[in-house]
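Input: a single structure, listed below in structure tokens.
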Amino acid sequence: MISINHTNLLKNALQGTGFVRRGSAFFRVWGDGVLQVLKFERQRGDRVHDLSVGVFSMYGRLYPEWFTSSGCIPRASIACFIDLRFVDYYLSPNRFTKTDNGQFLYDGFPVMVEPKQWLRDENGERWKYYFTPEQQVHILTEKVLPWLNDMISQSLAAKAMYKITPVPDDSLRFDAHLAAGEWIEAEQTMSAILKQHADAHASWKRTFSEDKYAEMVARQEVRDVPLKAAHKMVQEQDEYAISSYLRENYKRNCEFAKFCMK
């Protein structure tokens, strides 16, 4: 099997796009403080590397390790942009089309399919598929890069984060909503985060000893202090506090991201 240099493959595809390489990851700060991250990662087994995509607000609470190759956290597989969960798994045969030259396609994009590797479940027979690194980069250049290029505001970044992580309690999306002036959405997001934390207490109480439960609740309450402060700030629409919070975050993150800022 021919060895593939995933980093060079991605580097060549990103020529002229403003992405800056750091190790095996690529970063750029785009538009109004939208941090974008791309990296091939080994997610599920050793066979296929997954091209992962990350979007973050520079006005949020980011960690310095998130700006490194080993510590960055691009949260979405390239597969999610063509409505799949994984770059290698099983699908019903009728989800694929086949060209005259024998090439399989999914959603118009080339994909490798192995009909002899199949499984059967309550949904019927399904065939093994996988997207090669080259095929994943093709999806990137044709579909994902145009989407990233259009992401020039915090409001668009918040929408992108929901596409990547469609849950109500995404703490990273809170800051994008806040920076966009979308205070209702920011308050709803933080409320969902704090509710999720409170709901966890009931599960802990059933699972752990009384001492362990008390320890975990105390630790969570400490972690929730800045979250509750942020929630109060938004509920009261404290413009001075919000402006200070966003400004301090942005200034700190610019130090971390100066290698990939124009």
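Out of curiosity, is Trp183 open to solvent by less than 60 Å² (accessible area, probe 1.4 Å) and in contact (Cβ under 8 Å) with a residue 24 or more places away in the chain? Give the steps one after another, and end with the answer.
Numbers: open to solvent by less than 60 Å² (accessible area, probe 1.4 Å): yes; in contact (Cβ under 8 Å) with a residue 24 or more places away in the chain: yes.
Yes: the conditions hold for Trp183.
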key: Subset of the range 203-262 (residues that are in contact with a Ser or Thr (Cβ under 8 Å, 6 or more places away or on another chain) and of a type in the set (A, V, I, L, M))   = Leu227
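Scan the range 30-49 residue by residue and report those that are in contact (Cβ under 8 Å) with a residue 60 or more places away in the chain and either under 20 Å from Tyr129 (Cβ atoms) or open to solvent by 20 Å² or more (accessible area, probe 1.4 Å) (or both). Show your work before the answer.
First, the residues of the range 30-49 that are in contact (Cβ under 8 Å) with a residue 60 or more places away in the chain: 30-36, 38, 40, 47-49.
Trp30, Gly31, Asp32, Phe40, Arg47, Val48, His49 - these are the residues of the range 30-49 that are in contact (Cβ under 8 Å) with a residue 60 or more places away in the chain and either under 20 Å from Tyr129 (Cβ atoms) or open to solvent by 20 Å² or more (accessible area, probe 1.4 Å) (or both).
Return the total of residues in the range 154-163 being in contact with a helix residue (DSSP H, G or I) (Cβ under 7 Å, 6 or more places away or on another chain) and either in contact (Cβ under 8 Å) with a residue 60 or more places away in the chain or of a type in the set (A, V, I, L, M) (or both). Quick ask: steps written out before the conclusion?
Narrowing the range 154-163 to residues in contact with a helix residue (DSSP H, G or I) (Cβ under 7 Å, 6 or more places away or on another chain): 154, 157-158, 161-162.
Among the residues that remain, those that are also either in contact (Cβ under 8 Å) with a residue 60 or more places away in the chain or of a type in the set (A, V, I, L, M) (or both) are: 154, 157-158, 161.
Qualifying residue count for the region: 4.
Please pick out the residue among Phe27, Phe81, Phe86 that is part of a strand (DSSP E or B) and either of a type in the set (A, V, I, L, M) or touching a residue at least 40 places away in the same chain (Cβ under 8 Å) (or both).
None of the other options fit; the residue is Phe27.
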request  = Within the range 230-259, track down each residue that is in a helix (DSSP H, G or I), open to solvent by 60 Å² or more (accessible area, probe 1.4 Å) and farther than 30 Å from Ala25 by Cα.
outcome  = Lys232, Gln235, Glu239, Tyr240
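Yes or no: Tyr89 in contact with a helix residue (DSSP H, G or I) (Cβ under 9 Å, 6 or more places away or on another chain), within 28 Å of Val37 (Cβ to Cβ) and surrounded by fewer than 17 Cβ atoms within 10 Å (Cβ to Cβ)? Quick ask: steps written out before the conclusion?
On the way: in contact with a helix residue (DSSP H, G or I) (Cβ under 9 Å, 6 or more places away or on another chain): yes; within 28 Å of Val37 (Cβ to Cβ): yes; surrounded by fewer than 17 Cβ atoms within 10 Å (Cβ to Cβ): yes.
Yes: the conditions hold for Tyr89.
Within the range 69-82, identify whether any single residue is of a type in the set (Val, Ile, Thr), closer than 30 Å to Arg126 by Cα and touching a Pro at 6+ places or on another chain (Cβ under 6 Å), and answer yes or no.
Restricting attention to the range 69-82, the residues satisfying the condition of being of a type in the set (Val, Ile, Thr) are 73, 78, 82.
Of the ones still in play, those that are also closer than 30 Å to Arg126 by Cα are 78, 82.
Filter once more, so that each one left must be touching a Pro at 6+ places or on another chain (Cβ under 6 Å): none.
No, the range 69-82 contains no residue that is of a type in the set (Val, Ile, Thr), closer than 30 Å to Arg126 by Cα and touching a Pro at 6+ places or on another chain (Cβ under 6 Å).
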Tabulated pairs, the range 192-207, first without any contact (Cβ under 8 Å) to a residue 24 or more places away in the chain, second surrounded by 13 or more Cβ atoms within 10 Å (Cβ to Cβ) and not hydroxyl-bearing (Ser, Thr, Tyr), C-beta under 8 angstrom, 6+ apart or interchain = Ala200/Gln220; His201/Val217; His201/Gln220; Trp204/Met216; Trp204/Val217
ask   = Of everything in the range 54-65 that's surrounded by fewer than 19 Cβ atoms within 10 Å (Cβ to Cβ) and in contact (Cβ under 8 Å) with a residue 12 or more places away in the chain, which residue is farthest from the chain's Cα centre (by Cα)?
value = Pro64
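When the residues of the range 92-135 are narrowed to those that are in contact with an Asp or Glu (Cβ under 8 Å, 6 or more places away or on another chain) and not hydroxyl-bearing (Ser, Thr, Tyr), which ends up most open to solvent (accessible area, probe 1.4 Å)?
Of everything passing the filter in the range 92-135, Trp118 is most open to solvent (accessible area, probe 1.4 Å).
The values are calculated or read from the model by the stated rules, or taken from the named source; none is laboratory data. Please read these numbers as outputs of a predicted model, since none were measured by experiment. Reconstructed Cβ throughout: ideal geometry from the backbone, glycine too, with neighbour counts over all protein chains shown. SASA here: full protein model, heavy atoms, side chains in, ligands and nucleic acids out. Shrake-Rupley method; radii C 1.70, N 1.55, O 1.52, S 1.80 Å.
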